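The values are calculated or read from the model by the stated rules, or taken from the named source; none is laboratory data. For clarity, every value in this text was computed on a predicted model and none was experimentally measured. Cβ: placed from backbone, ideal geometry, glycine included. Neighbour counts: every protein chain shown. To get the accessible areas, we keep the full protein, side chains included, count just its heavy atoms, and leave off ligands, DNA and RNA. Shrake-Rupley method; radii C 1.70, N 1.55, O 1.52, S 1.80 Å.
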Amino acid sequence: MNQLRIRPAAPSDIRTVLRFWREAAEGTSISDDSDGVTRLVARDPEALILAERDGALAGTVIAGFDGWRCHLYRLAVRPDLRRQGVASALLAAAERRFRELGGRRGDAMVLNANESAHRAWAAAGYAPEPQWSRWTKPLAG
């Protein structure tokens with residue numbers, strides 16, 4: 001396996017990240033647009049973590065910390081690089097960030113129907129909490 005480079009995203013990466021998510025991520029989010037990712041990177045420049053191999057984007061994770069909870073979103077790995085340690089490297093970087101910020105527990109947004117993601121998250125030590133459900137309300141228009 002070629003060496004992975006793990007780094008925070010820069011504003012110049014946003015277009016590439018959005019294109020990457022359309023190809024490598026499962027599902028879409030209301031915030032999967034240039035404005036949403038630009039706000040994320042401007043507000044918390046260390047939250048969007050990228051993995052690169054040979055100068056190309058290999059994976060992403062958003063490691064958001066609000067001062068109380070550690071939230072993981074958009075763990076995505078290029079399909080041809082899955083099961084090669086990219087997700088593990090991204091999660092290790094996210095967890096290191098959380099510990100440095102004083103976080104105590106990470107939680108992940110995982111689609112119920114994404115069985116391969118369930119296996120990946122379980123292998124990384126995460127487990128669902130069946131007593132919780134996510135409730136949402138769109139705030140735009």
- Please give the number of the condition GLY55 fails out of (1) within 21 Å of ASP80 (Cα to Cα); (2) touching a residue at least 40 places away in the same chain (Cβ under 8 Å); (3) not aliphatic (A, V, I, L, M). (2)
- Item | Hits in the range 14-26 - residues which are outside any loop (DSSP other than H, G, I, E, B) and in contact (Cβ under 8 Å) with a residue 40 or more places away in the chain | THR16, VAL17, PHE20, TRP21, GLU23, ALA24
- Could you say which residue among ALA76, ALA58, ALA63, ALA94 is touching a Ser or Thr at 6+ places or on another chain (Cβ under 8 Å), within 23 Å of ALA124 (Cα to Cα) and either among the small types (Gly, Ala, Ser) or open to solvent by 80 Å² or more (accessible area, probe 1.4 Å) (or both)? ALA76
- Query: Is it true that some residue in the range 27-46 is within 18 Å of ALA117 (Cα to Cα), touching a residue at least 60 places away in the same chain (Cβ under 8 Å), in contact with a strand residue (DSSP E or B) (Cβ under 9 Å, 6 or more places away or on another chain) and not in a strand (DSSP E or B)?
  - Reply: no
- Being touching a helix residue (DSSP H, G or I) at 6+ places or on another chain (Cβ under 9 Å), modelled with pLDDT of 95 or more and open to solvent by 30 Å² or more (accessible area, probe 1.4 Å) narrows GLU46, GLU100 down to just GLU46
